[in-house]
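These notes concern the structure reproduced below.
The values are calculated or read from the model by the stated rules, or taken from the named source; none is laboratory data. What you see is a predicted model; the values in this text were computed from it and never measured. Virtual Cβ from ideal backbone geometry, glycine too; neighbours counted across all protein chains shown.
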Amino acid sequence: MGDDVTHAVVTGGAGFVGSHLVDELLGSGFRVTVVDDFSTGVRRNLDHHRADDRFELHSVDLKQGLPAIEDADVVFHLASRASPGDFRSHGVDIALTNSVGTNRVLDLALEQDATVVLASTSEVYGDPEVHPQPESYVGHVSVRGARSPYDIGKRFGETLGMAYARQFDLDVRTVRIFNTYGPRMRPDDGRVVPTFVSQALSGDPLTVHGDGTQTRSFCYVSDLVTGLVEVAREPSMDGDVVNLGNDEEITILALARRIRELVDRSPEIVHVDGRPDDPTKRRPDLTRARERLDWQPTTPLDEGLRRTIEDLRGRLET
Ligand code: NAD
Ligand code: UDP
């Protein structure tokens, strides 16, 4: 994808990451077509673009097929439920969106000779035995585990993308996204940041799973989005994979305490049962992103959390 690119397709563009990506793309001069089935995405995330004639929105479930889209230069494939709470209740949908749905996206790109940016995940590393996780790590994942519709679905999506790249010379670039948070996450999404923030704002106890010693590394959404666009622009990413995230690692218990302080209320922290197969640690090795994309996350956790708290405060009050 060169600098003359004009038309981006974003699957999952009504979701949390997707809608921020749409903002960034329209802001930098792209025409944008969104495909979303609104299973977890909401129209409100895109309402501010409705009057823009460079913006088009299709309400479509990818598993059923794609609408007629022409002249796509790049397809950012983000459609997929991503909340661990959905891995059981919507496992079939998740597995098929990341296989059948990804198949349809790759076919569209092939037909139009478009670049594909596939949203994969740190979940492909499973409960990692190598720490931090570089792209070369093959992972530690259970094919039958509680998280398998998502992590094996994403692994299969990467495999299918590489098969298209090798067999048809399609330009496929894969991003392994690590935990990302920010405004527009749903309060009832189930992921840890919006859950703790909503609980703290309502004065409810913060529900730490297990003893809270498990770690994650949280990336603010605007940093991720900048990286996604860099991946699409950087020619050497053709056929390659890169981690994007933030490499500042924190325990979940420390995160709960931080959010409680920032919200300036003092709800209790309670320990509840952990999720099955919950990864014990996660932190990206960002060497490749730094060297190849000249990219790195710049938003400190406290600042990102403050913005997320303000956004959720506003939405919980309305
Ligand atoms: P999200 O749930 O807010 O967004 C997903 C979007 O995809 C929603 O708008 C949803 O309606 C849409 N969607 C789901 N299934 C669909 C289908 N079959 N057809 C059409 N649209 C469909 O989640 P998010 O956090 O914005 O995640 C976006 C992408 O990034 C996902 O692919 C996810 O796996 C990946 N990712 C996110 C994170 C993170 O921390 N946010 C981490 C790793 C990977
Ligand atoms: N978590 C928690 N309380 C919650 C929600 C999540 O302690 O109410 C923990 C969860 O068990 C995991 C971490 O926070 O260890 C991150 O969970 P999240 O759902 O955000 O994403 P994951 O990284 O597991 O995909």
Tally, over segment 276-300, of residues that are surrounded by 15 or more Cβ atoms within 10 Å (Cβ to Cβ) and either of a type in the set (S, T, N, Q) or at pLDDT 95 or above (or both) | 14
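With the structure loaded, tell me whether Asp93 is of a type outside the set (A, V, I, L, M), surrounded by 19 or more Cβ atoms within 10 Å (Cβ to Cβ) and within 11 Å of ligand 1 (Cβ to nearest atom) or whether it fails that test.
Working: of a type outside the set (A, V, I, L, M): yes; surrounded by 19 or more Cβ atoms within 10 Å (Cβ to Cβ): yes; within 11 Å of ligand 1 (Cβ to nearest atom): yes.
Spelling it out, Asp93 is indeed of a type outside the set (A, V, I, L, M), surrounded by 19 or more Cβ atoms within 10 Å (Cβ to Cβ) and within 11 Å of ligand 1 (Cβ to nearest atom).
Answer yes or no as to whether Gly161 is crowded, with 22+ Cβ neighbours inside 10 Å, touching a strand residue (DSSP E or B) at 6+ places or on another chain (Cβ under 9 Å) and not charged (D, E, K, R).
Yes.
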Subset of segment 287-318, residues in contact with a strand residue (DSSP E or B) (Cβ under 9 Å, 6 or more places away or on another chain) and free of Cβ contacts under 8 Å to residues at least 60 places away in the same chain, comes to Arg292, Pro300
Kindly check whether there is at least one residue in segment 122-131 that is within 19 Å of the chain's Cα centre (by Cα), crowded, with 17+ Cβ neighbours inside 10 Å and within 20 Å of Ser236 (Cα to Cα).
-> no
Residue by residue through segment 35-58, note down the ones that are touching a His at 6+ places or on another chain (Cβ under 7 Å) and either free of Cβ contacts under 8 Å to residues at least 12 places away in the same chain or within 9 Å of ligand 1 (Cβ to nearest atom) (or both).
-> Val35
Enumerate the pairs (first residue in segment 239-257 and among the hydroxyl-bearing types (Ser, Thr, Tyr); second residue anywhere and surrounded by fewer than 24 Cβ atoms within 10 Å (Cβ to Cβ)) with beta-carbon separation below 8 Å, excluding pairs fewer than 6 apart on the same chain, so at least 6 apart or on different chains.
-> Thr251/Gly212; Thr251/Thr213; Thr251/Gln214; Thr251/Thr215
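Do any strands (runs of 3 or more DSSP E) entirely within segment 136-235 hold 2 or more residues that are touching a Ser or Thr at 6+ places or on another chain (Cβ under 7 Å), and if so, which?
Output list reads 172-177.
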